[in-house]
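These notes concern the structure reproduced below.
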Amino acid sequence: MLKPSSHLINLFDLVNDGIIILDGNNYNVLFNNEKAEKLVTSDGKTIIMDNEKIQNIVQSIQPDKTHTEHISLKIDNKVHHFKINILAFSDNGSTLISFVLTDTTRLFKLHRQQQQLIAQIRKNYFDRFESLKQLADSIAHEVRNPLVSIGGYANLLIRKCEEGIDHTEAKKFLTYIVENAERLNYLTQQIEEMGDLKRVQLSAYDIVKFLNEQQTTLIAAAKQFDKELTITIESQNHYHMYIDYDRLRFALSRIIEFIAQHAKNEILTIHCYDSVYEYIITITFSTDILTEEDLPYIFDPFYTTRSNIETFNLCIAQRIIMLHGGIITPEMNKNTIVLRIALPQDKRLT
């Protein structure tokens, strides 16, 4: 073994890096400090030399030239990552090879986490950009149709006026123009309404009491489409949580209206119950209008179903539930759809 002075050994043991010195001929370990003990085997070798990359470097390294490499080694069944500086030098005619190893395992893991975060940020960016693109395309489509109609009927009306048009026909064209103008106004109101949902005003309230108070409103929402609504609240025990009373009432009403417009049977069912840390509301209905292909899109703002019903209000309802910290998910089994709303008991920062 190499016999450096006791002061030098103490110095080597104080540093955070592992230090190993090998015989340049047989690669036996001549010296190692405490930080490198786990890298030395019982037969006086080092597991570093099991690495093919290191073997090639050691065999070709020039004296007094330092080579830096990054390697991975398995120690106690765990993978560790090292930055290793290799130096070949002569001592009394013998060639020695020194390794200075910096354990970069924690840095490597942080780097991997950083890369994963960056990848997620990039994915979120492109997903958001794609969503904005789809939203822009949808708005452009919705605006274009009434604008084309308004322009077409206005030009037709001008031409008819030049030819001499009677009042009845003029009124017909003007009615078309007014209807499409109202359509544009309604579209604008919907967009403004979505923009107004940046925050919700949460306050403590008994969700069981809230649902009991909404029964009349929700039954009326279903009845306007000739549907009956049965509401079952599993337990009448108090269940306090944080809600925006008016916004949540609006969301549930819009959901019931959408379902009533697409339900096949006359009866819709709502089942409400607590599930430890959240409160669950399920709404079940049968449909021959919505399909499994529709489900991924029913919360998009400008999706139109086969019954020519837009999903904008359902999109707003979903946003309100999300702003409560909750989630709404659709599941379909044959022709039956279950909308599951989960609201957290804990207060959610918005």
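The values are calculated or read from the model by the stated rules, or taken from the named source; none is laboratory data. All values reported here derive from a predicted model rather than from experimental measurement. Reconstructed Cβ throughout: ideal geometry from the backbone, glycine too, with neighbour counts over all protein chains shown.
The set of residues in region 30-55 that are β-branched (Val, Ile, Thr) and either outside the structural domain of Thr95 (by TED's automatic domain parsing) or not in a helix (DSSP H, G or I) (or both) comprises Val40, Thr41, Thr46.
Keeping to region 218-276, report how many residues are without any contact (Cβ under 8 Å) to a residue 40 or more places away in the chain, assigned to a helix (DSSP H, G or I) and among the hydrophobic types (A, V, I, L, M, F, W, C). Going through region 218-276 one residue at a time, the tally reaches 5.
One residue stands out among those in region 189-210 that are under 15 Å from Phe250 (Cα atoms) and not aliphatic (A, V, I, L, M): the one that is modelled with the lowest pLDDT, which is Asp196.
Within the set Ser253, Ser275, Ser286, the sole residue that is in the same structural domain as Gln224 (by TED's automatic domain parsing) and surrounded by 18 or more Cβ atoms within 10 Å (Cβ to Cβ) turns out to be Ser253.
Taking residues in region 304-317 that are at pLDDT below 80, and partners anywhere that are part of a helix (DSSP H, G or I), the pairs with Cβ atoms closer than 6 Å and at least 6 places apart or on different chains are Ile309/Gln261.
Listed here are the residues, each with its yes/no results for (1) in contact with a Ser or Thr (Cβ under 9 Å, 6 or more places away or on another chain); (2) aromatic (Phe, Trp, Tyr); (3) farther than 20 Å from His271 by Cβ.
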| position | (1), (2), (3) |
| --- | --- |
| Thr305 | yes, no, yes |
| Phe312 | no, yes, yes |
| Met322 | no, no, yes |
| Gly325 | yes, no, yes |
| Met332 | yes, no, no |
| Ile337 | yes, no, no |
| Pro344 | no, no, no |
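Selection over region 28-54 of residues that are surrounded by 19 or more Cβ atoms within 10 Å (Cβ to Cβ) and either in contact (Cβ under 8 Å) with a residue 40 or more places away in the chain or charged (D, E, K, R) (or both) gives a count of 6. Would you pick out the residues in region 290-305 that are under 11 Å from Gln261 (Cα atoms) and either loosely packed, with under 15 Cβ neighbours inside 10 Å or of a type in the set (S, T, N, Q) (or both)? If the condition is that a residue be under 11 Å from Gln261 (Cα atoms) and either loosely packed, with under 15 Cβ neighbours inside 10 Å or of a type in the set (S, T, N, Q) (or both), then Thr305 is the only one that fits. Any residue at all in region 99-114 that is at pLDDT 90 or above, out of contact with any Phe, Trp or Tyr (no Cβ under 7 Å at 6 or more places or on another chain) and assigned to a strand (DSSP E or B)? Yes, the conditions are met somewhere in region 99-114. In region 281-296, the residues that are within 19 Å of Glu310 (Cβ to Cβ) reach residues that are modelled with pLDDT of 90 or more and small (Gly, Ala, Ser) with C-beta atoms within less than 9 angstrom, at least six apart or across chains, in these pairs: Phe285/Ala260; Phe285/Ala263; Thr287/Ala263; Ile289/Ala263.
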